[in-house]
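Below you'll find the structure, written out as structure tokens, and then a few comments.
The values are calculated or read from the model by the stated rules, or taken from the named source; none is laboratory data. In this text the structure is predicted, and so the values were computed from the model without any measurement. Note: ideal-geometry Cβ built from the backbone for every residue, glycine included; neighbour counts use all protein chains shown.
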């Protein structure tokens with residue numbers, strides 16, 4: 001334990017030392033990841049990609065930090081704020097409380113927090129319209145199902161996940177109204193995000209009851225659903241990042257949350273002076289949510305499906321189709 | 001007919017979920033029967049799940065994974081044994097320490113080795129214990145009822161699930177039919193008597209801890225290489241504690257413990273099935289309530305139906321020779 005601590009200290013020193021050299025420039029952005037590490041093949045990695053794009057575009061270096069526990073959120077925020085960072089981008093709803101506390105003490109530093117809403121004059125909150133992206137993957141499920149039964153598996157039963165379900169349900173019914181819909185929630189506590197065994201069991205039960213496509217909005221538990229799809233020779237729909245590659249051929253598509261775009265935009269705006277505090281909502285018009293299409297699922301999505309999806313996308317953007325939402329989705333939990 | 005299919009599906013799911021639970025409960029049973037309370041089952045399961053997933057992902061062999069899982073779990077068992085046998089420490093504290101340590105260590109190591117947010121890479125089929133089709137399962141699947149039971153319910157589970165069910169009579173035989181088992185039970189009831197007979201209490205308790213470690217290791221490996229396909233932070237999700245409850249509920253005896261595990265697994269499968277289903281008279285039950293169901297049932301059963309439960313007398317008490 002002691003050694004781990006010393007190692008961590010050394011690592012932090014190394015990190016700070018190596019990135020400090022790059023701060024001799026006018027604009028100093030910082031990116032703070034959520035727990036899970038920079039290369040988590042999901043949320044954090046998307047944020048990293050966004051910052052990397054900003055770096056390639058402008059040549060401006062960014063500093064970043066990977067916390068190992070929730071107690072480090074506030075420490076990291078304070079440390080970077082004290083060292084006069086211009087913009088601190090914090091990824092994940094877990095930062096809600098920490099950013100609120102630190103932003104009040106450092107009113108000159110700009111903060112962008114992703115997935116949470118904080119009402120302060122120096123904080124920009126970016127949230128996504130997950131229901132609109134879910135509507136599109138719902139349409140795909142509705143068009144691709146052969147059995148006429150589709151499923152949904154949520155992680156923890158909270159408003160944010162209900163938002164995925166509402167959009168998905170509406171998308172499925174937009175295509176066909178004779179579809180049977182089976183839903184399951186893994187649990188009602190945070191452990192529901194990390195229970196792939198239970199999620200897989202629920203998925204197997206749904207597949208055995210005739211469901212042939214399941215959309216899982218369950219964080220890491222969703223990997224259990226994708227695996228169950230392979231074991232049952234059926235289809236799953238991934239979430240947040242592009243999960244089509246996880247089990248090629250068994251993932252119909254993924255509902256994308258473009259965290260990379262949000263990070264890149266926030267950094268660009270802050271650099272150009274167009275950054276403004278307040279609530280930024282990224283839905284279909286802003287390109288904040290989408291469905292994933294790549295070489296792994298190219299054979300599963302036909303041209304006709306793509307055409308209908310583009311029509312629906314245009315209608316959602318123009319406001320002709322109103323996608324239902326759930327109250328209280330970004331209030332933290 | 002649909003009702004029958006539902007029952008079959010529920011039973012099938014019950015057998016799958018019960019596998020790791022049974023093995024962990026038997027591990028706890030062996031330890032407690034020798035006088036050591038093993039509240040660290042959860043942590044050992046998680047450690048085994050992590051070790052198994054890591055080894056299987058590096059070597060692409062589920063057997064290497066199973067071996068690594070067993071080794072990890074046995075090492076932690078020995079640590080727990082050292083604290084509670086040699087050092088006469090508090091066994092609850094030691095067990096909880098193992099739980100907390102593994103919960104933090106496993107994702108940290110996973111992050112350091114694989115850089116995937118505290119997970120191990122997803123295992124391909126050849127690195128997992130996949131479903132086994134029992135002989136003649138396809139041939140007799142057409143036979144009404146019997147065929148369905150054999151080919152849908154009994155066939156098509158992973159090797160480790162079958163191991164779990166074989167482990168019950170094996171542990172029973174060791175405990176009740178062998179000399180070693182007699183001594184093991186005696187050391188949990190009255191270690192002074194065993195010591196007086198000239199048999200080492202320390203050695204017996206260590207042997208029990210190793211058996212518990214092996215069983216718990218198989219259980220954890222089943223989580224990440226048979227039921228799942230890789231390690232995810234906190235993936236044991238309370239199964240170790242559930243196994244402990246099943247063992248107490250089963251009065252520290254193998255067969256009743258098996259039944260308790262099956263009951264827990266069945267209720268769990270049932271709650272998944274009941275979600276979002278409109279029942280006659282009551283209508284649709286809210287998710288929060290169905291998820292509560294297994295726990296409510298546990299309380300009711302423990303409070304009302306089990307009767308007197310007696311733990312092994314020396315369970316939890318360190319043995320001191322010169323007292």
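Quick notes
- Exclusive hit being surrounded by fewer than 24 Cβ atoms within 10 Å (Cβ to Cβ) and in a helix (DSSP H, G or I), set B:8, B:26: B:8
- Failed criterion for residue B:239 (all others in (1) touching a strand residue (DSSP E or B) at 6+ places or on another chain (Cβ under 6 Å); (2) in contact (Cβ under 8 Å) with a residue 12 or more places away in the chain; (3) at the interface with chain A (Cβ under 9 Å from one of its Cβ atoms) hold): (1)
- Sole residue being in the same structural domain as residue A:50 (by TED's automatic domain parsing) and assigned to a strand (DSSP E or B), chosen from A:81, A:90: A:90
- So residue B:244, is it more than 12 Å from chain A (Cβ to nearest Cβ), at pLDDT 90 or above and either part of a helix (DSSP H, G or I) or surrounded by 21 or more Cβ atoms within 10 Å (Cβ to Cβ) (or both): yes
- Residues satisfying the stated conditions in the range B:1-34, i.e. more than 25 Å from residue B:248 (Cα to Cα) and more than 10 Å from chain A (Cβ to nearest Cβ): B:1, B:3, B:4, B:7
- Just one of the listed residues (A:25, A:104, A:75) is modelled with pLDDT under 85 and more than 14 Å from chain B (Cβ to nearest Cβ), and it is A:25.
- Condition met for residue A:297 (in a loop (DSSP other than H, G, I, E, B) and either surrounded by fewer than 20 Cβ atoms within 10 Å (Cβ to Cβ) or more than 17 Å from the chain's Cα centre (by Cα) (or both)): yes
Here's the yes/no breakdown for (1) in contact with a strand residue (DSSP E or B) (Cβ under 6 Å, 6 or more places away or on another chain); (2) in the same structural domain as residue A:51 (by TED's automatic domain parsing):
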| site | (1), (2) |
| --- | --- |
| A:209 | no, no |
| A:218 | yes, no |
| A:227 | no, no |
| A:237 | yes, no |
| A:241 | no, no |
| A:245 | no, no |
| A:248 | no, no |
| A:263 | yes, yes |
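- Residue A:255 meets all of the listed conditions (1) surrounded by 24 or more Cβ atoms within 10 Å (Cβ to Cβ); (2) within 11 Å of another protein chain (Cβ to nearest Cβ); (3) within 20 Å of the chain's Cα centre (by Cα) but one, namely (2).
- Checked against (1) part of a helix (DSSP H, G or I); (2) more than 14 Å from every other protein chain (Cβ to nearest Cβ); (3) surrounded by fewer than 24 Cβ atoms within 10 Å (Cβ to Cβ), residue B:37 meets all criteria but (1).
- Note on the range A:192-237: residues that are under 21 Å from the mean Cα position of the chain (by Cα), closer than 23 Å to residue B:49 by Cβ and more than 7 Å from chain B (Cβ to nearest Cβ) amount to 11.
- Counting only residues that are within 14 Å of chain A (Cβ to nearest Cβ) and either buried (at least 24 other Cβ atoms within 10 Å of the Cβ) or farther than 15 Å from residue B:42 by Cβ (or both), the range B:206-235 holds 15 of them.
- Test: residue in the range A:269-290 that is under 23 Å from the mean Cα position of the chain (by Cα), in a helix (DSSP H, G or I) and farther than 22 Å from residue A:235 by Cβ: yes
- All positions within the range A:184-193 that are within 22 Å of residue B:120 (Cβ to Cβ) and either buried (at least 24 other Cβ atoms within 10 Å of the Cβ) or modelled with pLDDT of 90 or more (or both): A:186
- Per this entry, residue A:38 is counted among residues that are surrounded by fewer than 22 Cβ atoms within 10 Å (Cβ to Cβ), outside any strand (DSSP E or B) and within 14 Å of another protein chain (Cβ to nearest Cβ).
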